[in-house]
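> Sharing a structure below in structure tokens format, with a few things to ask.
The values are calculated or read from the model by the stated rules, or taken from the named source; none is laboratory data. A quick note: this is a predicted structure, and the numbers were derived from the prediction, not measured. Please note: Cβ atoms are built from the backbone with ideal geometry, for glycine as well, and neighbour counts cover all protein chains shown.
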Amino acid sequence: MTESEFLTHTDQVFRDLQDQLDASALDLEVLWSGNVLEIECPDGGKIVVNRHVPNQELWIAARSGGYHFAWRQNEWLNTRDGGEFYATLSECLCNQTGEECGLHKSV
């Protein structure tokens, strides 16, 4: 994937996340600026989704840990354990807010 394709693809992921989180019943503030999407939780904590252009990876930083995802088999998979990006982010949100989120790949 070229850098331009990576940026276009991850822009869509960020838009999709923003749309899903804005439509959810969770009381979250979603801020997207450049390569970073911040999710502010009601308790003041944050989850940060970052796209790392040189490695062409999506990264999640949350209280529960840091996760790196690469595009493989038409989805974003954890580079360590093969976990899926949206499922991992949903789990991070659940751990941090105490509520189910159910994010899913919609594109």
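> Return the residue satisfying two criteria in turn: it lies in the range 63-89 and is of a type in the set (Gly, Ala, Ser) and more than 16 Å from GLU38 (Cα to Cα), and of such residues it is surrounded by the fewest Cβ atoms within 10 Å (Cβ to Cβ).
In this case the residue turns out to be GLY82.
> Same structure again: Limited to the range 9-31, what total is found for residues that are surrounded by 15 or more Cβ atoms within 10 Å (Cβ to Cβ) and either free of Cβ contacts under 8 Å to residues at least 12 places away in the same chain or outside any helix (DSSP H, G or I) (or both)?
4
> From the list CYS101, CYS92, exactly one residue is assigned to a helix (DSSP H, G or I), on the phi < 0 side of the Ramachandran plot, touching a residue at least 40 places away in the same chain (Cβ under 8 Å) and surrounded by 18 or more Cβ atoms within 10 Å (Cβ to Cβ). Which is it?
Going through CYS101, CYS92 in turn, the sole match is CYS92.
> Suppose we keep only residues that are modelled with pLDDT of 95 or more and assigned to a loop (DSSP other than H, G, I, E, B) within the range 68-80. Which one would you say is farthest from GLN18 (Cα to Cα)?
Once the filter is applied, the top-ranked residue is ARG80.
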